[in-house]
Each structure stands twice: as C-alpha cells, then as structure tokens.
Amino acid sequence: MKLYSFFNSSASYRVRIALALKGIDYQTVGVNIRIGQQNALAYRRMNPVGLVPTLVTDDGESLGQSLAIVDWLDRHFPQTPLLPTSDPARSQALEIVYAIACDIHPINNMRVLRYLTDELKVSEED
C-alpha cells in the first residue's frame, strides 16, 4: 500500500494515524502541495481532484478523501476498529469526526487561505 501524503496536511495525518493504530504497513510518497506537485499529471491520474491524501491499495485501487480512506481501512482491516460499533457512541464519535473534517478543517485549508490572500487580497491584519 502507498500513501501519497503531505507532511503538514491534517487530512493526510488522519490517515497516517489510522494506519498506525491498525498496525498496517505502508509506504509513504511525499507530495509537496506548497509547490503544486498535486497538480502533476501522474498524480491527477490517481486523484483527479488533486488533493492529498491518496491511498493506493495493494490491488492498485486509488482512494481519496481522508474519511473515505479511513472508512475503507476500517472495513478491510476490521481488527482494532477505529469507531465504536454501537450507538450512541458511534454517532457521537462521527459527530466529532465530521465537525473537524467539514467545519473546522476547510477554513484552515491551504486552498482557502490562498484564495483569501491571492484573490481577495485579505491580509492577516484584516
């Protein structure tokens, strides 16, 4: 398995945590999003959206989006489940997961920050 990842990406970090908790061996391939490596044609073939992380499974399947990757890992490596299996604990855990991934992470994302500074000319002082 190969994880295409940027060291400072919280989405990539989520997947690295899941892989570590499950004890899954994988190879890391660095993708430097600061210099646009995620836009390279070879990377876009694996992940047409051009985001990190991307997990390439041993079967050659490419998976993007950290929560989709974590879900895949949990289903294909069921030992050491990452989420509770029964409610309400499972729903409460997912509530936290989605709050981070959908509400908190996007406003700290490099794409959003670049749009604010480059397109809207917003500075830190604003």
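For an R0 of 30 angstrom, estimate the FRET efficiency from the Cβ-Cβ distance between Asp74 and Asn8 and round to the nearest 0.05. Working shown, then result.
Details: r = 25 Å, r/R0 = 0.82.
Here the calculated transfer efficiency is 0.75.
What's the magnitude of the charge dipole for the chain around its Cα centre, counting Lys and Arg as +1 and Asp and Glu as -1 at the beta-carbon? Answer in Debye, nearest 20. Let's see the in-between values first.
Numbers: 12 positive and 14 negative charges, 73 e Å.
The dipole magnitude comes to about 360 debye.
Please state the shape class of segment 48-103: rounded when a/c is under 1.5, otherwise prolate if a/b exceeds b/c and oblate if not, all from the C-alpha gyration tensor. Write out the running numbers ahead of the final one.
Working: a/c = 4.02, a/b = 1.39, b/c = 2.90.
Oblate, since a/c reaches 1.5 and b/c is not below a/b.
Under the Karplus relation 6.51 cos²θ - 1.76 cosθ + 1.60, θ = phi - 60°, what is the ordered set of whole-Hz ³J(HN,Hα) values for segment 115-123, x standing for Gly and Pro?
With the stated coefficients, segment 115-123 comes to 4, 4, 7, 7, 8, 9, 6, 7, 10 Hz.
For the chain, set up a GNM with springs between Cα atoms under 10 Å and report which of Asp74, Asp87, Asp58 has the largest fluctuation.
Of Asp74, Asp87, Asp58, the Gaussian network model singles out Asp87 as fluctuating most.
Add -39500 (n - 2.57) for each DSSP H run of 4 or more in the chain, then divide by its residues: what number comes out at 222 nm, to the nearest 500 deg cm²/dmol? Write down the numbers at each step before the final one.
Numbers: 5 runs with 45 residues, N = 126.
Mean residue ellipticity, 222 nm, calculated: -10000 deg cm²/dmol.
So for the chain, what percent of the C-alpha to C-alpha distances run longer than 26 Å?
28
Exposure proxy check: Leu73, Leu21 ranked by fewest other beta carbons within 10 Å?
Values: Leu73 22, Leu21 13.
Sorted ascending by nearby Cβ count, the order is Leu21, Leu73.
Since every read-out is calculated from the coordinates, none of them should be taken as a lab result. On a predicted model such as this, the values are computed, not experimentally measured, just so you know. Glycine gets a Cβ as well: all are built from the backbone with ideal geometry, and neighbour counts include every protein chain shown.
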